[in-house]
Amino acid sequence: MSVPRQETLLHIAERQHWEPARDAGAPYTMSTLGRTLDEEGFVHCSSDMAQVEGVLANFYTGVARDGLVLLVIDVAGLGSPVRYEPVGDQVFPHVYGPIPTSAVIEVLPLPRTR
């Protein structure tokens with residue numbers, strides 16, 4: 001499956017994990033809700049807001065939105081490989097390494113539950 005290389009990726013982060021990493025300037029090592037990079041093997045990301053909204057609807061329904069943020073990641077600043085892998089009928093980007101805080105170019109609030 002061929003997927004065009006993107007300049008930025010999106011990652012749903014729990015504030016309780018993102019903010020301490022940001023404040024310390026340490027690499028961000030959470031993969032997804034309650035799972036670390038070491039446990040999962042990669043950091044789950046999304047290519048666009050449609051994927052983010054689908055992930056929120058399927059996996060984050062019981063999580064308060066104010067406890068989450070959306071990281072906009074500059075792929076050029078990663079230093080780790082990004083692989084686009086099929087998940088169901090979509091292809092998602094997975095980062096095979098930690099996210100340097102310097103690669104996070106924007107932190108956005110998440111859309112509210114409909």
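Only the coordinates and a few stated rules stand behind these numbers; no lab work does. Remember, it's a predicted structure, so these values are computed and weren't measured experimentally. Cβ: placed from backbone, ideal geometry, glycine included. Neighbour counts: every protein chain shown.
Results, tabulated for the structure shown:
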quantity: Some residue of segment 3-14 being aliphatic (A, V, I, L, M), surrounded by 19 or more Cβ atoms within 10 Å (Cβ to Cβ) and assigned to a helix (DSSP H, G or I); calculated: no
quantity: Segment 81-114 - residue that is over 14 Å from the mean Cα position of the chain (by Cα) and hydroxyl-bearing (Ser, Thr, Tyr) and, of those, nearest to Val55 (Cα to Cα); calculated: Thr113
